[in-house]
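Only one structure is covered here, and it is reproduced in the block below.
None of the figures in this text is laboratory data; all of them are computed from the coordinates on show. Note that the coordinates shown come from a computational prediction; the quantities given were computed from them, not determined experimentally. Note that each Cβ is placed from the backbone with ideal geometry, even for glycine, and that neighbours are counted across all protein chains shown.
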Amino acid sequence: MSYYDIDAILTEAEKVPCTFELEVADLGYLDNNPSQPLKTGTTVSLPLWLAEPLALTSRTPNNPTNDSNPFVTLDLPPSLSNEVMSALKADPRAVALRDQSPNFYGLGTRMLDVFDEKGICATLRNTFVTRAADIALHARKAGATEDMGVGAGEEFLRGLEEWERKLFRKAHEGTKGAKEWMEGVKKH
């Protein structure tokens, strides 16, 4: 991942639910209560770039018993909820991932850096592999007709998240390049 990768920046800006484990003065506005402190147990959505270090940093750094007292407890975002994972297990093609998150796989991999969820990892892998076959098929069709995204093709592209869109573009460029090469071979 590059420092200037816009998809990585947008993934880091995704909001994830966090539960505060301590009372914090002057942050009540995060819970629509500006005159009060943010109370222990309050759940708010924070950008991933802020939530992750708060969840991984201990409030007592010199604790000899190694008791972890994080500032916040990080929860899985709604796009990786049990309902979404169940739908993806049932049929990965039926879920419009872009509606869940524009950077669905990026968010999933970042959350797997924090959580040890083997089930989510397997579901994401299976979803990507299954959907990649459809993406390649649509890219090949778009390459054959030189028409990228009119009608049903446009509807298909609308449901793809960013990694899938990149895969579609690469597959389309590959199909187009192979077609041009074959035409060049036929001329000689």
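Rounded to the nearest 20 debye, what is the charge dipole size of the chain about its Cα centre when +1 sits on each Lys and Arg Cβ and -1 on each Asp and Glu Cβ?
With Lys and Arg at +1 and Asp and Glu at -1, about 920 debye.
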Query raised in the report: Which pairs in the list LYS39/LYS118; LYS89/LYS170; LYS39/LYS89; LYS89/LYS176 are over 30 Å apart, alpha-carbon to alpha-carbon?
Result: LYS39/LYS118; LYS39/LYS89; LYS89/LYS176
Report summary line: In nanometres, the difference between 0.36 nm per residue of separation and the alpha-carbon distance of ASP116 and ALA87 is 8.4 nm
Query raised in the report: Which longest run of the chain has no exposed loop site in it, a site being trypsin sites (Lys or Arg not before Pro) in a DSSP loop with at most 16 other beta carbons within 10 Å, and the site itself not part of the run?
Result: 60-188
Query raised in the report: Which of LEU167, VAL114, VAL185 sits closest to the plus end of the dipole of region 81-188, meaning its Cα is farthest towards the positive end, when Lys and Arg get +1 and Asp and Glu get -1 on the C-beta?
Result: VAL185
